[in-house]
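The values are calculated or read from the model by the stated rules, or taken from the named source; none is laboratory data. As the structure is a computational prediction, the values presented were derived from the model and not from experiment. No Cβ is skipped: glycine too gets one built from the backbone with ideal geometry, and neighbour counts run over all protein chains shown. We work out accessible area using only protein heavy atoms, side chains counted, and drop any ligands, DNA or RNA first. Shrake-Rupley method; radii C 1.70, N 1.55, O 1.52, S 1.80 Å.
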Amino acid sequence: MFADNTLTPKEAVRLCALGTIASKPMRYSELAGSVRHFTGRIMGPSLELMGTSIELLRYEGLVEALDGKGMEDDAQITISTAGRRELHSLLTARLRPASDLSKLVVALKIRFLDLLDPKERHDQVELLIEGVESELARLVDLRGNNSQEDGPDSALVAWLDHDISLLESRLAWLEDFRARL
């Protein structure tokens, strides 16, 4: 954890893996795919989140094989007692304030957009629109997947609906802004 008792990216992936496996036992490959899908849809491709090994959870005693040995034979695994303690610790960690660098960069681009020539302004707004469309597509995909798994009334689906609504609003604003350039 960071000094302020908030989660590092590695611990966020660990929370995703332990929470997923706490819900139901699954094979190593299923767990790895589920974690990769969820984190990739929320954050997009991220090198910071990639290299965390599910196998490390077994070595640390946080998951255990129900059949087989582990990753090498794609054993079905479940969360251990130590894993449940770790999951609880991760779930109850503090949250960092929303301080996403990309949010600052977007605000700065909008603030200083008038310093560019008209074509460059248009190109920058197009880039912002493409970014929102990409993020929106990831969340819509994740929502579709999770409404099937967790049910349409789950808290995650409601949260994703909220975020999707915010992105749709941002996209409409950007498209209106582009039309006024």
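The residue pairs whose first member lies in the range 20-47 and is surrounded by fewer than 17 Cβ atoms within 10 Å (Cβ to Cβ), whose second member is at pLDDT below 90 and not polar (S, T, N, Q), and whose beta carbons are closer than 6 Å, counting only pairs six or more residues apart or on different chains, are S29/D74. Remark: pairs (first residue in the range 88-111, modelled with pLDDT under 85; second residue open to solvent by less than 100 Å² (accessible area, probe 1.4 Å) and β-branched (V, I, T); Cβ separation under 9 Å; 6+ apart in sequence or on different chains) = A93/T6; R94/T6; L95/T6; R96/T6.
Can you confirm whether L174 is at pLDDT 90 or above, surrounded by 11 or more Cβ atoms within 10 Å (Cβ to Cβ) and closer than 24 Å to G19 by Cα? Break it down into steps so the answer makes sense when it comes.
Numbers: at pLDDT 90 or above: yes; surrounded by 11 or more Cβ atoms within 10 Å (Cβ to Cβ): yes; closer than 24 Å to G19 by Cα: no.
Taking the combined requirement at face value, the residue does not satisfy it.
Pairing each residue of the range 116-141 that is touching a residue at least 12 places away in the same chain (Cβ under 8 Å) and basic (K, R) with any residue that is part of a helix (DSSP H, G or I) and surrounded by 12 or more Cβ atoms within 10 Å (Cβ to Cβ), provided the two are 6+ apart or on different chains, yields C-beta distances under 6 Å for R121/L113; R138/R41.
Which one is least open to solvent (accessible area, probe 1.4 Å) among residues in the range 134-155 that are modelled with pLDDT of 90 or more and either in contact with an Asp or Glu (Cβ under 6 Å, 6 or more places away or on another chain) or hydroxyl-bearing (S, T, Y) (or both)? Here the answer is L139.
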